[in-house]
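The values are calculated or read from the model by the stated rules, or taken from the named source; none is laboratory data. Here the structure is a predicted model, which is why all the values come from computation and not from measurement. Here the Cβ positions follow ideal geometry from the backbone for every residue, glycine too, while neighbour counts run over all protein chains shown. Note: areas computed on protein heavy atoms with side chains; ligands, DNA, RNA excluded. Shrake-Rupley method; radii C 1.70, N 1.55, O 1.52, S 1.80 Å.
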Amino acid sequence: MTLVAGVDSSTQSCKVVIRDAGTGALVRQGRAPHPDGTEVHPSHWWAALLQAIEEAGGLDDVAAISVAGQQHGMVCLDASGDVVRDALLWNDTRSAQAAADLVTELGGPRAWADAVGSVPVASFTVTKLRWLAEHEPADAQRTAAVCLPHDWLTWRLAGALASGPFDARAWREAPTPPLDQLATDRGDASGTGYWSPATGAYRTDLLKTALGTVPHLPKVLGPREAAPGSARVLIAPGTGDNMAAALGVGARSGDVVVSLGTSGTVFAVAETPSADPTGAVAGFADATGRFLPLVCTLNAARVMDAAARIAGVSLDELSDLALQAPPGAEGLTLVPYLEGERTPNRPTATGSIHGLSLSTATPAHLARAAIEGMLCGLADALDALSMRPERVLLIGGAARSKAVRRIAPTVFGVPIAVPPPAEYVADGAARQAATLVTTPEWRSEDTRTYEGEAVQEIRHRYARATAHILD
Ligand SMILES: Nc1ncnc2c1ncn2[C@@H]1O[C@H](COP(=O)(O)OP(=O)(O)O)[C@@H](O)[C@H]1O
Ligand SMILES: O=C(CO)[C@@H](O)[C@H](O)COP(=O)(O)O
């Protein structure tokens with residue numbers, strides 16, 4: 001049996017799956033937490049990856065590995081390959097003004113959509129680099145290379161694999177390869193704001209406008225191209241976590257995937273690139289050579305974490321509570337902008353609760369309103385995609401909640417197909433690794449379909465409530 005490893009280095013944790021390359025059967029797995037915060041030193045991701053690999057039984061019998069990671073994070077390296085400063089993550093909104101400035105400087109949103117498929121907001125790497133140039137010019141000048149979380153981990157893995165067999169302790173300080181061995185893929189490159197999915201080329205002019213210089217950039221690998229440094233264990237190009245989720249869940253043309261992790265994302269596999277001048281849809285590339293139009297919200301699973309904290313209950317109890325309140329929570333409406341919001345672009349917004357009365361002031365109403373509010377943001381995202389999906393698939397940590405699965409059809413107004421709970425991002429990475437060593441014949445998981453009558457009033461009230469938020 002040939003084994004492959006898939007990694008999901010996402011916002012809250014690192015997960016590793018080891019699967020049979022031919023059939024996709026799960027053999028072992030491991031996970032480790034990431035620190036909180038929107039600014040994280042990449043060494044924490046490396047430590048978590050090593051811990052998760054160790055828990056998954058090591059890599060010595062593995063033929064190929066692939067890393068999928070949270071998109072957009074700004075990792076700056078100096079000429080010796082050392083990290084210049086903590087990485088700014090996709091959900092760090094400090095570069096909102098830089099984003100607005102860059103949009104104006106290029107001539108408006110359409111110019112950006114035409115150039116790179118997306119209109120940058122604070123999440124995009126290019127805006128973080130402008131913020132760095134303006135606020136930390138010494139760090140900007142010291143930056144010899146810029147890469148993304150998955151690129152950096154892939155590069156560190158190449159260095160560690162060259163140093164000897166897996167040993168979590170020894171690998172922690174393993175030497176790093178030269179900067180010219182940095183590599184990325186189309187999917188993750190498309191979230192930088194300086195790579196065009198339509199032309200497949202970097203826009204170094206836009207990078208220079210943002211940062212003032214053009215540092216070394218990772219080579220963009222094709223979907224089946226091994227990363228530099230591959231030897232004993234082949235290293236696949238890796239990709240962004242959403243692109244890997246599309247692979248892992250086996251998304252096909254006509255499917256829309258709704259992922260409820262730290263971010264909420266709604267995306268579809270497409271044959272042609274997109275360029276939405278409203279900025280709602282990011283025109284990403286996918287991990288197979290195609291495209292992945294995607295809408296992302298900053299507030300998903302953690303809205304439920306917050307509601308559970310307020311109610312003083314566990315996530316399972318929150319789910320039970322939510323199902324005790326009627327659809328629409330009798331008018332209690334929660335706008336979940338707890339981290340500001342990205343779609344719509346409201347980086348400084350805060351959350352709010354509307355429709356509070358003596359009868360709706362119960363933990364059950366709050367639980368239902370939190371789930372409905374989170375899902376309304378994603379139903380708006382689905383509308384923005386302007387697709388008539390044949391199937392809507394629901395994945396991510398919060399899809400483990402029974403209440404989320406039951407309430408989703410009433411908010412989206414369509415049946416929702418839910419595959420069994422699994423690590424679809426890590427699975428997608430493993431599937432990509434498998435293509436380097438065999439022709440994988442992995443079966444897509446069966447799904448269970450949840451149906452329910454649409455309750456239009458929920459979205460109407462949510463739309464009214466979003467007009468009344470405090471920044
Ligand atoms: N049963 C559950 N009900 C609701 N939320 C859950 C449940 N299980 C996990 N989660 C939430 O899912 C989130 C983690 O999901 P995940 O997709 O792994 O996120 P990320 O990829 O962004 O790190 C956490 O916020 C966690 O609280
Ligand atoms: O910024 C985006 C997509 O554009 C996010 O989806 C990040 O990729 C983080 O993902 P999760 O950690 O929530 O899975």
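Structure summary
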read-out: The stretch 107-204 - percent relative contact order, Cα under 8 Å, separation 6 or more; value: 33
read-out: ³J(HN,Hα) computed for each position of the stretch 36-44 - Karplus, 6.51 cos²θ - 1.76 cosθ + 1.60, integer Hz, glycine/proline x; value: 6, x, 9, 9, 9, 6, x, 4, 5
read-out: For His216, distant residues with modelled amide H under 5 Å away; value: Ala145, Val146
read-out: Spin-label model distance (nm) - Arg400 vs Glu173, 7 Å beyond Cα toward Cβ; value: 3.6
read-out: Crossing angle, helix 149-163 versus the chain [Cα axis fit, 0-90 degrees, rounded to tens]; value: 40
read-out: Paramagnetic reach from Leu323 in the stretch 426-460 [backbone N under 17 Å; point 7 Å along Cα→Cβ]; value: 448-453
read-out: Tilt relative to the chain, helix 315-324 - C-alpha long axis, 0 to 90 degrees, to 10; value: 30
read-out: log₁₀ of I(q)/I(0) at q = 0.16, 0.20, 0.22, 0.24 Å⁻¹ - the stretch 209-266, Debye sum with one point per alpha carbon; value: -0.77, -0.91, -0.94, -0.98
read-out: For Lys128, net neighbour charge (Lys/Arg +1, Asp/Glu -1) across residues whose Cβ lies under 9 Å away; value: +1
read-out: Check: the stretch 271-318 dipole with +1 on Lys, Arg Cβ and -1 on Asp, Glu Cβ, in debye; value: 120
read-out: Additional length obtainable on full extension of the chain from Ala422 to Glu271, 0.36 nm per residue less Cα span; value: 51.7 nm
read-out: Debye equation applied to the C-alpha atoms of the chain, log10 I(q)/I(0) at 0.06, 0.11, 0.14 Å⁻¹; value: -0.24, -0.84, -1.34
read-out: 3J(HN,Hα) from dihedral phi, the stretch 256-272, Karplus parametrisation 6.51/-1.76/1.60, rounded to Hz, x for glycine, proline; value: 10, 9, 10, 10, 10, x, 4, 8, x, 10, 10, 8, 9, 7, 10, 8, 10
read-out: Antiparallel bridges, percent of DSSP beta bridges restricted to the stretch 3-237 (to nearest 5); value: 65
read-out: Accessible surface of the chain [probe 1.4 Å, protein heavy atoms]: carbon and sulfur percent; value: 50
read-out: DSSP bridge orientation in the chain - percent antiparallel, rounded to nearest 5; value: 65
read-out: Pairwise centroid distance, computed over Cα atoms, of the stretch 371-450 with the stretch 125-172, Å; value: 31
read-out: Relative contact order (%) - criterion: Cα under 8 Å, at least six apart; region: the chain; value: 17
read-out: Euclidean distance between Cα centres, the stretch 324-351 to the stretch 198-247, Å; value: 35
read-out: Residue order for Glu105, Glu39 - accessible surface, 1.4 angstrom probe, largest first; value: Glu105, Glu39
read-out: Hydrodynamic radius of the stretch 34-143 per Kirkwood, over alpha carbon pairs, in Å; value: 15.8
read-out: Residue range of the chain that is longest and free of trypsin sites (Lys or Arg not before Pro) which are both DSSP loop and sparsely packed (at most 15 other C-beta within 10 Å); value: 253-442
read-out: For the stretch 3-237: accessible area per residue (Å², 1.4 Å); value: 34
read-out: Proximal lysines relative to Lys402, as straight alpha-carbon distance under 30 Å, when same-chain residues fewer than 8 apart are discounted; value: Lys15
read-out: Placed amide H near Ala270: partners under 5 Å, 5+ positions off or other chain; value: Phe291, Leu292
read-out: Nearest-0.05 FRET efficiency for His216 and Ser352, computed from C-beta distance (R0 60 Å); value: 0.85
read-out: FRET efficiency, Arg110 to Glu441 (Cβ-Cβ, R0 51 Å, nearest 0.05); value: 0.70
read-out: Asp205 versus Thr2: modelled label distance in nm, points set 7 Å from Cα along the beta carbon direction; value: 4.4
read-out: Positive-end residue, the chain charge dipole about Cα centroid, Cβ charges, pick of Ala79, Ala463, Ser13; value: Ala463
read-out: Dipole of the chain, positive end: most advanced residue of Val392, Thr125, Gly428 [Cβ charges, Cα centre]; value: Val392
read-out: Mean Cβ neighbour count within 10 Å, used as a protection proxy, ranking 270-282, 236-248 highest first; value: 236-248, 270-282
read-out: About the Cα centre, charge dipole magnitude for the chain (Lys/Arg +1, Asp/Glu -1 at Cβ), debye; value: 360
read-out: DSSP bridge pairs, the stretch 250-470: antiparallel proportion in percent, nearest 5; value: 75
read-out: Rel. contact order, % - alpha carbon contacts under 8 angstrom, at least six apart, the stretch 177-277; value: 24
read-out: Solvent-accessible area per residue, Å², over the stretch 250-470 with all protein chains present [probe radius 1.4 Å]; value: 41
read-out: Paramagnetic label zone (point 7 Å from Cα along Cα-to-C-beta, His135; backbone N under 20 Å) in the stretch 34-65; value: 35-43
read-out: Accessible-area value, Thr204, 1.4 Å probe, nucleic acids and ligands omitted, Å²; value: 60
read-out: Karplus-derived 3J(HN,Hα), 6.51/-1.76/1.60, for each residue of the stretch 399-408, Hz, glycine and proline x; value: 6, 6, 7, 4, 5, 4, 5, 6, 7, 3
read-out: Net charge of neighbours whose Cβ lies under 14 Å from the Cβ of Thr348, counting Lys and Arg as +1 and Asp and Glu as -1; value: -1
read-out: Values of log10 I(q)/I(0), in the order q = 0.07 Å⁻¹, for the stretch 250-470 under a Debye, Cα-only, solvent-free model; value: -0.22
read-out: Accessible surface, 1.4 Å probe, highest first, among residues Ser386, Ser230; value: Ser386, Ser230
